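Q: What follows is a structure written as structure tokens; I'll ask about it next.
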Amino acid sequence: MIARYGKLVGVLLLGLQLGGCYTEYGPVEVETRPVSLSTADVATILRPGEKLKITLYGEEALTGEYDISPAGYVTMPLIGAVRAAGRRQAELARDIEGRFRRGNFLQDPHATVAVVQYKPFYVMGEATTPGEYPFRSGLTVVSAVAMAGGFTYRASRSIVLIRHAGEEIWKEYPLSEPVAIAPGDVIRIPERYF
């Protein structure tokens, strides 16, 4: 009889341990490599939903603000759709110059691309005012949570979960490290258990 209850207690404890690993927001991967802010700026890659200022020098009719479509393209007069998402600003500028040159629309085009408005980031979970916030360069998790009013009294002060734009898996980072935020990131502040 005691052995039977011992087995039931063992199964119950195993179930509780496994239940503690479950999250309602999907699979979580623990990020083991340290996060460095000294690497290239996280906002250098263009993403869908961002607004660009494309300047063609000497061509005021073609210069203006353009949105990157959800499919990742910018549509300009004369040259049509140009893939922008996943590229750097200088790379997109060279492609635009080449298209105007190859189409014999402009003799010697010179273009620049600047991001006017980045894709916002989102804060969920145990933040005082979760929601959507405008991205600006140099953001870390701590400064992003500060924008969201700070941590609630139930918030974990040791880890944070981030789902980077275009990814399906949440990554767990320690809050002791300066974790850089990129445009489109979703930050989830989990609840502490003790």
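The values are calculated or read from the model by the stated rules, or taken from the named source; none is laboratory data. Everything numeric here is computed off the predicted structure, so don't read it as measured data. Cβ: placed from backbone, ideal geometry, glycine included. Neighbour counts: every protein chain shown. These accessible areas exclude ligands, DNA and RNA; they are computed on the full protein's heavy atoms, side chains included. Shrake-Rupley method; radii C 1.70, N 1.55, O 1.52, S 1.80 Å.
Q: Take the solvent-accessible surface of the protein heavy atoms, probe 1.4 Å, and return the percent of it on the range 131-194 that carbon and sulfur atoms account for.
A: Exposed carbon and sulfur together represent 54 percent of the surface.
Q: Could you tell me what percent of the accessible area of the range 48-120 is made up of carbon and sulfur, with a 1.4 Å probe and every protein chain present?
A: 48
Q: Show me the trypsin sites (Lys or Arg not before Pro) within the range 92-184 that DSSP assigns to loop and that have at most 15 other Cβ atoms within 10 Å of their Cβ.
A: Taking the range 92-184 and a limit of 15 other Cβ atoms within 10 Å, the loop trypsin sites (Lys or Arg not before Pro) found are 136, 154, 157.
Q: With a cap of 10 neighbouring Cβ atoms within 10 Å, and only residues DSSP puts in a loop, list the GluC sites (Glu not before Pro) found in the range 118-172.
A: Those satisfying the criteria are 168.
Q: Now for a different question. With θ taken as phi - 60° and the coefficients 6.51, -1.76 and 1.60, list the Karplus ³J(HN,Hα) couplings across the range 101-108 in order, rounded to whole Hz; mark glycine and proline as x.
A: 6, 5, x, 6, 8, 9, 6, 9
Q: Express the accessible area of the range 72-127 per residue in Å², computed with a 1.4 Å probe while the remaining protein chains stay in the model.
A: 52
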